[in-house]
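Report on the structure given below.
The values are calculated or read from the model by the stated rules, or taken from the named source; none is laboratory data. Every value quoted in this text rests on a predicted model; they were computed, and no experiment measured them. Neighbour counts are summed over all protein chains in view; Cβ atoms, including those assigned to glycine, are modelled from backbone coordinates with ideal geometry. Protein only, heavy atoms only, side chains kept; ligands, DNA and RNA dropped before computing areas. Shrake-Rupley method; radii C 1.70, N 1.55, O 1.52, S 1.80 Å.
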Amino acid sequence: MQNILEIKNLCKKYDNFELKDVSFSLPKGAIMGFIGENGAGKTTTIKAILDIIKYQGEITIFGLDNRQYDREIKEDIGVVLDDMFFPEIITPNDISYSLMSIYKNWDSKLFNDYLKEFELLPNKQIKTFSKGMRKKLEIAVALSHHPKLLILDEPTSGLDPIARNEIIDIFQKYIENEECSILLSSHITTDLEHIADYITFINNGQILLSKTKDELLDKYGIVKCSEKEFKNMAKGDYLKYRKNKYGYEVLVEDKRAFKKKYNSEVIDKMTLDDLMVLMIKGAE
Amino acid sequence: MIGFIKKDLAVIKSNFKLIALLIVVYSIMGFSGEMDFSFILPFMAVMIMMSSFSYDSYNKWDAYAVTLPDGRKNGVRSKYVTTLLFILIMAIITMILSIGMAITKGVGVNMEMILLTHLGTIFGTLLVLIFLYPIIYKFGLERARVGIFIVVFGIVIIGGLVSKVVDLSNIFDFLSFLENYWVIAIILTAVIMTYTSYRIALSIQMKKEF
């Protein structure tokens, strides 16, 4: 499968934070959920992809080096970034009028269709919109030049469940075109469980895992057991564990193999939230 | 670049009523002889553009603009072009008002004088842009506001010192060879200085991280 985005050995050093050898790839036609706690490096990685910051390493988008082919690549990318947008004093109509001279493929009709769908008034100043409405406007802008890749940093944050659902439907409709892909960073992991094909998990500037969602949710599991049962487990048979007042929660990479070996009865299906909590807070 | 200019014009359009009101007030004051408005309106053009920087900064537009095709380059270029256009428009308005005032007061229209005054005004206003814009791109608007005072204060202090230490008549003698060409010399100097300022601002923006 052809990759639309490839990141190899991405490094970026700040005084108090470092991205260390970040590598992953996003296949064409797929949605990748990019997860991690606050300050883990999601936004820094996205900024590097967009060439907003200087970095070491190699990033290719549509097979092209992102620093060398900046203009060509950005014609085909739609972005939603956390708290970065047009000045709030202008209107959606002004935005459309500006972007028609910036993007070769800007589609004013499509933009107006999104405005209608999201119930956003084209002549109202952005500052009069609620946070949710602003996010919808940002998404409408990101989609209206027919991009091949959407890069979305927390696009559904601040939205109520109905609005989130509408937006997720739009992402799913967008991805029906197999030429298109989405990199979606989000804290709302339930949304990712619905739509993501791949999950990439970053913690403390390092990629902990990058796998298909089905592999993660189908293979990984959480064993709930007593202290005695836990102490019988071999160290290599689990990834992380956490002790709570009812006993132990143990994250295992292959729940079927584990069940076979330990004849364990209680292996719960894992959610992405469980994965994040155990991978970050759990002990080895 | 056109798209970026459109965006700046959209920001300015939102304050159009205030701008129009200021133009009218300054014009009335100029007509009544309360003040010389030849410098006010072109200088206001730079101030209006400063407010567009302010809105940009509040919504982190600069960072967003970098995600657009040729965003770094066109963002800077459009600011310079829009400001120059505004200075020119304001200078033309002031010039028309000056002619109107001369006719109304029946003092006769001295076109040469009016043109020279406004050329000086445009050059003076450009100096603010030339020094200020690279500072805005390097340090941000807040620090640039301090910068504007430092630049103006610096020019006044240096000018004062130079005039005391150096005999200005020597400089005028030295420049006397420009006698018939000094209008061209001023225009050429303004073009070179503005272009240099643009290149510096662009170079800062191209290296900037967001």
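Selection of segment B:1-12 for residues being over 15 Å from B:Arg72 (Cα atoms) and facing chain A (nearest Cβ under 8 Å) yields B:Lys6, B:Ala10, B:Val11.
The residues of segment B:60-69 that are crowded, with 20+ Cβ neighbours inside 10 Å and out of contact with any Pro (no Cβ under 7 Å at 6 or more places or on another chain), listed by number, are B:Asp62, B:Ala63, B:Tyr64, B:Ala65, B:Val66, B:Thr67, B:Leu68. Determine if segment B:94-101 includes at least one residue that is within 23 Å of B:Ile12 (Cα to Cα) and within 14 Å of chain A (Cβ to nearest Cβ). Taking every residue of segment B:94-101 in turn, none turns out to be within 23 Å of B:Ile12 (Cα to Cα) and within 14 Å of chain A (Cβ to nearest Cβ).
Please work out if A:Glu138 is assigned to a helix (DSSP H, G or I), closer than 27 Å to A:Asp273 by Cα and touching a strand residue (DSSP E or B) at 6+ places or on another chain (Cβ under 7 Å). Here the answer is yes, as A:Glu138 does meet what is asked.
Take segment A:48-73 and flag every residue that is at the interface with chain B (Cβ under 7 Å from one of its Cβ atoms) and either open to solvent by 20 Å² or more (accessible area, probe 1.4 Å) or assigned to a helix (DSSP H, G or I) (or both).
A:Lys54, A:Arg71
Each row is one residue, and each column tells you yes or no for (1) under 26 Å from B:Tyr198 (Cα atoms); (2) among the small types (Gly, Ala, Ser); (3) touching a helix residue (DSSP H, G or I) at 6+ places or on another chain (Cβ under 9 Å); (4) open to solvent by 20 Å² or more (accessible area, probe 1.4 Å).
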| position | (1), (2), (3), (4) |
| --- | --- |
| B:Val25 | no, no, no, yes |
| B:Pro42 | yes, no, yes, no |
| B:Tyr58 | yes, no, no, yes |
| B:Gly71 | yes, yes, yes, no |
| B:Gly75 | yes, yes, yes, no |
| B:Ile87 | yes, no, yes, no |
| B:Ile103 | no, no, no, yes |
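Candidates are the residues of segment A:74-98 that are part of a loop (DSSP other than H, G, I, E, B) and more than 7 Å from chain B (Cβ to nearest Cβ); the one that is nearest to A:Thr128 (Cα to Cα) is A:Thr91. Of the residues contained in segment A:124-144, one or more are found to be among the β-branched types (Val, Ile, Thr), open to solvent by 70 Å² or more (accessible area, probe 1.4 Å) and within 13 Å of chain B (Cβ to nearest Cβ).
Restricted to segment A:168-284, the set of strands (runs of 3 or more DSSP E) holding at least 3 residues that are open to solvent by 30 Å² or more (accessible area, probe 1.4 Å) comprises A:206-212, A:240-244, A:267-269.
For segment B:107-118, a tally of residues being touching a residue at least 60 places away in the same chain (Cβ under 8 Å) and open to solvent by 40 Å² or more (accessible area, probe 1.4 Å) returns 2.
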